[in-house]
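First up is the structure itself, then whatever we jot down about it.
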Amino acid sequence: MISQIPCSESDHVFISFVAFRDDFNTWNASSYSIEVSAWGGGNNEFQAYTNDPSNIYVKGGNLYLRPTFTVDNPHFDEAKLYNGEMDLRSLWQTCTFSGFDGCHKTANGHGEILPPVLSGKITTNFAFTYGRVNVRAKIPKGDWIWPAIWLIPSDSHYGGWPRSGDIDIIESRGNTKAVINGVNQGVNQLVSKLNWGPDYRHNAADKTTEYARKSVGDWHGWHTYSMEWTPDHIITLVDNVEILRVNTPTTGFWNFGGFQGQDIWTAGGRNAPFDQPYRLILSVAVGGDFFEDGDYDTPRPWGHSSHPKRDFWEHRADWGDTWRGEDAAMIVDYIEMIPTSRTAANSKRE
């Protein structure tokens, strides 16, 4: 599908064309990389990501990324959750990240249990620099579910996270009530942000974060989530309404962030680190540090204990009925990635 749309913006001239689109009439395995790992992500989440057809499947022209209880998988039961092992290579014939025991976990009944949830995370093999992304999707609703539509660079050109940046089009907490710092930040709120900085302790995301909040109702419905990306700006939108706009700083992101020391992005464009090929990710995580201290519809069960996954699981009677079938899944109608080919540009630093 090609639609040429010439346009001009300052001293840039672009030609746009749809280079990647998936309507999910079938599962196109060659278009995606599926994460299979139980490491828990960078926020100590509770899920193991799998390629299991219970967690990632296509039905009725839609993609489903659905979290399920580990004990509902035929390879597990309650006893194995507490005293068994999770060998991902044996179960799902692959493992994509071995760090933090990501490929093999064990539980001995005296501390933490195995990941109590299995879920889905996919990354497009297609990558691009500058253009637009459209994802029509229905985000999940249910306590402690954390959906995200985001982009990361194809390679860590400037170093490990967040040195090479990431672009969170949207993420949300699935709880109906999640009052954090006096504001309900549950499924009634979308968060959109850029992550960037010299290391995880100096992530300047607070300078590039915005929210879309509903005073009535929530975001658990069909919406189109988009990003527009040029050397001059990054804009995120929901249903074509702007959420976040970040204009490229005149003197670059290093100075905008107020960081000390040598600028790690001097070899790139003025908009570095957001000047490299990026891929799109869809994920449904569960639990972890994203759910900060606050007032929730059901009390956060894991507190700050040494076995948060066990606490989460043992309180499922409090929250389990909020996972109502496929309402707990991220359901995707289509993905569209529209790169722009720059025929004339000057994106160097001033």
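Overview of results
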{"quantity": "Radius of gyration and Dmax over the Cα atoms of segment 107-211, both given in Å", "calculated": "16.4, 51"}
{"quantity": "Residue-wise HN-Hα coupling along segment 251-266, computed from phi with Karplus coefficients 6.51, -1.76, 1.60 (Hz; x: Gly, Pro)", "calculated": "9, x, 6, 4, 5, 4, x, x, 6, 9, x, 6, 5, 7, 10, 5"}
{"quantity": "Links that overshoot a 19 Å alpha carbon limit, given the list Lys177/Lys214; Lys59/Lys214; Lys59/Lys80", "calculated": "Lys59/Lys214; Lys59/Lys80"}
{"quantity": "Spin-label model distance (nm) - His110 vs Ala79, 7 Å beyond Cα toward Cβ", "calculated": "2.1"}
{"quantity": "Whole-number accessible area per residue in Å² for segment 231-350, which is evaluated in the context of all protein chains at 1.4 Å", "calculated": "44"}
{"quantity": "Residue (of Thr176, Gln260, Leu282) at the positive-pole extreme of segment 149-290, dipole from beta-carbon charges", "calculated": "Thr176"}
{"quantity": "Per-residue HN-Hα couplings for segment 177-187 [Karplus 6.51, -1.76, 1.60; θ = phi - 60°; Hz; x = Gly/Pro]", "calculated": "10, 8, 7, 10, 6, x, 10, 5, 10, x, 6"}
{"quantity": "Projected label distance in nm at Phe69 and Arg324, using a 7 Å step from Cα toward the beta-carbon", "calculated": "1.9"}
{"quantity": "Accessible area of segment 16-102 belonging to carbon and sulfur atoms, whole % at 1.4 Å probe", "calculated": "46"}
{"quantity": "His104 accessible area, assembled protein chains, probe 1.4 Å, Å²", "calculated": "70"}
{"quantity": "Segments 167-176, 120-129, 245-254 sorted - mean Cβ within 10 Å per residue, highest first", "calculated": "167-176, 120-129, 245-254"}
{"quantity": "Accessible area (Å², 1.4 Å probe, nearest 10) - Lys309", "calculated": "40"}
{"quantity": "Under 20 Å from Lys207, Cα to Cα: lysines that are on another chain or at least 8 residues apart", "calculated": "Lys193"}
{"quantity": "The chain: relative contact order as a whole-number percent, Cα under 8 Å and 6+ apart", "calculated": "26"}
{"quantity": "Helix-derived mean residue ellipticity, 222 nm - over the chain, DSSP H n ≥ 4, -39500 (n - 2.57), to 500", "calculated": "-1500 deg cm²/dmol"}
{"quantity": "Per-residue ³J(HN,Hα) for segment 98-114, Karplus 6.51 cos²θ - 1.76 cosθ + 1.60, θ = phi - 60°, Hz, x for Gly and Pro", "calculated": "9, x, 6, 6, x, 9, 8, 10, 10, 10, 10, x, 10, x, 7, 8, 5"}
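The values are calculated or read from the model by the stated rules, or taken from the named source; none is laboratory data. Everything quoted here is computed from the prediction, not taken from an experiment. Neighbour counts run over all protein chains shown; Cβ positions are idealised from the backbone, glycine included. Areas reflect the complete protein model, heavy atoms only, side chains present, ligands, DNA and RNA absent. Shrake-Rupley method; radii C 1.70, N 1.55, O 1.52, S 1.80 Å.
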